[in-house]
Structure formats: C-alpha cells, structure tokens
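Report on the following structure.
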Amino acid sequence: MWIDTHCHLDASEFDTDRDAVRAQARAQGVSLCVIPAVERAHWAGVAQLAAQHGDAYALGIHPLYVPQASDEDLLALDAALTERRDDPRLVAVGEIGLDFFVPALCELAMRERQWAFNIAQLKLARKHQLPVILHVRRSADLLLKGLRQYPAASGIAHAFNGSAQQARHFVDMGFALGFGGALTYERALQLRRLACDLPLEALVLETDAPDMPPHWLYQTAEQRAQGQAQGRNTPVELPRIAHVLADLRGMAIQDLAQANTRNARQVLPKLAALSQARS
Ligand SMILES: [Zn+2]
C-alpha cells in the first residue's frame, strides 16, 4: 500500500478526469492521498473530495495565495478547524509556509505578509493540536525560526530541497521531509544524496500532483515551444517515483512502502486510523 502525502487532487488540472485518476492511482496501490488546500475557496472542496475517495485533507492558506488572502480568512480558518474538529480525515493545517522564489513574493511587504500568515497558521495548528504541512522554497531557515517560536508537534516539510543541516533541524523538530518527482532527475545530485543519506524514518513520499512531474513526464522548453503541454503529474506516479528512491537507497520497494506508511502515520497521527481501516 502507498500513501501519497501531498497531492492537489482538487486542482483544476483534474477537472475533466479526477475520479478516473484517483481510481487509477488506487489500482496502482495508492490507497491514501493527503489533499492539502491552498486557499479558503478550496476548503470545502478538499474535505468533500477526501470523504468521497476515502482520503485525508488539510486546511490552510498556501504562501502563493497570500497576496489575494485577507486577514478575515485567518478567522475563517480558525472557525473551519473548530467546525471540523471531529472529522477523522482532517489531518493537518496546510499547505502553509514561505516562498522566496517567486519574484512578486520576495518584495519586502509581501515577505512580511507571508511571514504573518505563516505565524498565524502555526498558532492555529497549536491551538487545534494539528500537525502542519509546510511549503519550503528558499525559506528553510526562516521557517525553522518560526517553528522555534511556535513549535508544531510534528509535520512534513514538503518538496524538501534544502541542505543536510536544514533537513536535520526539521527532523529534530518532529518533521518528516517529503520527496517526489524532483529526485527522479539524474542531475539532481544534491537532492539525491540527501534522500540517500537521511535516516529512513525521516522521509515520506509525495507527488505534489499536478506539479513536480517526474522526468518521464517532463516536457523540455523546446518541446513546449513546439506546442506540447507540460506533463501533468498524478498520484498514479507515486509507486514509480518510489522505485527510483528505493533503487537509490539500495533497498527493497516493500520496505520503502512500509517505512513511508509508518513515517506518514508518525507525523500525521490521524492518518493511522484512516490507513488501518483501508490496509
Ligand atoms: Zn503543494
């Protein structure tokens, strides 16, 4: 059995074939997906999708959606987390974090607004006793600083691509690091080394679908110039991505599947009840 710990199944890229994609992933052994929300307008949708497909979800405001979010959305998040407190499928606050890659988000005012939303959501996670799912892009040190001020019980640093030292700090704070399509590229030497060197207990698998296509779906700039759309990633790819990691670590695929499930349940404890019911 596979858990995809980060899959945006609610994204519009899946509007035409969402149920078919989910069914195909299940046929490949992906029995559980964690669907993190990106903005208030999506909260009801991710909860409904998780219920429909036997999956899990998280509620939050993604850093890329901070520019259009309002302070009132934070109050609404507090209310939604209260309202859904007894929903076994609500497993985390997320996707939250900081993005200092997108130029418009790097301007001073927007850096400060991202920081404020991240801290406010870390506080909500503590209040509601939920783990957090973090978006970390050129922001690992600041996110660690935020976590030192408002520690989360546990969580996932998703699509991690930082240094070994930053990775160790996240792990020391009760986090697992999420690995996906990015490690399928042979040129991703640093990321591959990190994914091999980390203790097995520190990693979880994810697709981040529809983003982060593995190399076998990736269309080069040249192919895109010729009119080919960028390949859409889906949770169907999780086992194949896992095979790449198992090969890199020189371990059996079954052992990696078990570790992924164990680790995901460790950092998102409410998953245990869901994944046991299904395995
Ligand atoms: Zn995401």
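Computed quantities for the displayed model
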read-out: Scan of segment 63-90 for residues that are assigned to a helix (DSSP H, G or I), among the hydroxyl-bearing types (Ser, Thr, Tyr) and free of Cβ contacts under 8 Å to residues at least 24 places away in the same chain, ordered by number; value: none
read-out: Matching entry among Leu134, Leu130 (being within 24 Å of Leu268 (Cα to Cα) and in a loop (DSSP other than H, G, I, E, B)); value: Leu130
read-out: Cβ pairs under 6 Å, 6+ apart, first in segment 1-20 and within 27 Å of Val267 (Cα to Cα), second outside any loop (DSSP other than H, G, I, E, B) and hydroxyl-bearing (Ser, Thr, Tyr); value: Met1/Ser31; Ile3/Thr261
read-out: Residue within segment 36-50 that is in contact (Cβ under 8 Å) with a residue 60 or more places away in the chain and within 24 Å of Val136 (Cβ to Cβ) present; value: yes
read-out: Any hit, segment 201-222, residues being at pLDDT 95 or above and in a helix (DSSP H, G or I); value: yes
read-out: From the options Ala202, Ala140, Ala209, residue that is small (Gly, Ala, Ser), in contact (Cβ under 8 Å) with a residue 40 or more places away in the chain and away from the ligand (no atom under 15 Å from the Cβ); value: Ala202
read-out: Any hit, segment 171-181, residues being part of a helix (DSSP H, G or I) and surrounded by fewer than 17 Cβ atoms within 10 Å (Cβ to Cβ); value: yes
read-out: Qualifying residues in segment 160-170 (those that are modelled with pLDDT of 95 or more and surrounded by 21 or more Cβ atoms within 10 Å (Cβ to Cβ)) - the one farthest from the ligand (Cβ to nearest atom); value: Ala167
read-out: Any chance His42 is within 16 Å of the ligand (Cβ to nearest atom), in contact with a strand residue (DSSP E or B) (Cβ under 7 Å, 6 or more places away or on another chain) and either more than 29 Å from Ala116 (Cα to Cα) or not basic (Lys, Arg) (or both); value: no
read-out: Test: residue in segment 110-117 that is more than 16 Å from the chain's Cα centre (by Cα), within 26 Å of Thr261 (Cα to Cα) and away from the ligand (no atom under 16 Å from the Cβ); value: no
read-out: Residue in segment 40-58 that is part of a helix (DSSP H, G or I), buried (at least 24 other Cβ atoms within 10 Å of the Cβ) and not hydrophobic (A, V, I, L, M, F, W, C) present; value: no
read-out: Test: residue in segment 189-212 that is exposed (fewer than 15 other Cβ atoms within 10 Å of the Cβ) and under 25 Å from Glu13 (Cβ atoms); value: no
read-out: Residues satisfying the stated conditions in segment 143-159, i.e. basic (Lys, Arg) and within 16 Å of the ligand (Cβ to nearest atom); value: none
read-out: Qualifying residue in segment 48-57 (condition: touching a His at 6+ places or on another chain (Cβ under 9 Å) and either under 17 Å from Lys270 (Cα atoms) or within 15 Å of the ligand (Cβ to nearest atom) (or both)); value: no
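The values are calculated or read from the model by the stated rules, or taken from the named source; none is laboratory data. Owing to the predicted nature of the structure, the values given are computational and were not obtained by experimental measurement. Don't worry about glycine lacking a Cβ; one is built from the backbone with ideal geometry, like all the others, and counts go over all protein chains shown.
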